[in-house]
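The values are calculated or read from the model by the stated rules, or taken from the named source; none is laboratory data. Because the structure is predicted, anything quoted here is derived from the model rather than measured. Backbone-built Cβ (ideal geometry, glycine too); neighbour counts: all protein chains shown. Surface areas here come from the heavy atoms of the whole protein model, side chains and all, with no ligands, DNA or RNA. Shrake-Rupley method; radii C 1.70, N 1.55, O 1.52, S 1.80 Å.
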Amino acid sequence: MQVIRFSHMINGSWKNLPSPELDSPQTVIFTFCSPQYYTQSKVLKDLAERFPKSIIIGCSTSGEIHGGH
C-alpha cells in the first residue's frame, strides 16, 4: 500500500498533488474538507477529472464539526 498526503489550498492551488498515473480502480482517495469548502465544488470536480478510475470518498473534518475537540 502506498499513502500520499496532498492538500488543496483555499486560494485554488494544490500541494503535493500526485501524478494521474496513480489513477486506477484500486486507488482510493479520502478527502477531508472544512466547511468553507461547502461552496467549492470545483475542488472535488478537479479530483474526479484527474482520477476518473479512482474511488473518491469525502467527509468534513471532525475537528471543525466538534469545535476542535
### Task
Just need a number here: residues in the stretch 1-59 that are surrounded by 11 or more Cβ atoms within 10 Å (Cβ to Cβ), in contact with a helix residue (DSSP H, G or I) (Cβ under 8 Å, 6 or more places away or on another chain) and assigned to a helix (DSSP H, G or I).
4
### Summary
Listed by first then second residue, the pairs whose first member lies in the stretch 1-14 and is under 16 Å from residue 34 (Cβ atoms) and without any contact (Cβ under 8 Å) to a residue 24 or more places away in the chain, whose partner is open to solvent by 50 Å² or more (accessible area, probe 1.4 Å) and not in a loop (DSSP other than H, G, I, E, B), with beta carbons under 9 Å and at least 6 positions apart or on separate chains, are 6/14; 6/15; 7/14; 7/15; 9/15; 12/42
### First in the stretch 45-62 and more than 17 Å from residue 7 (Cα to Cα), second anywhere and part of a loop (DSSP other than H, G, I, E, B) and open to solvent by 50 Å² or more (accessible area, probe 1.4 Å), Cβ under 7 Å, 6 or more apart
53/25
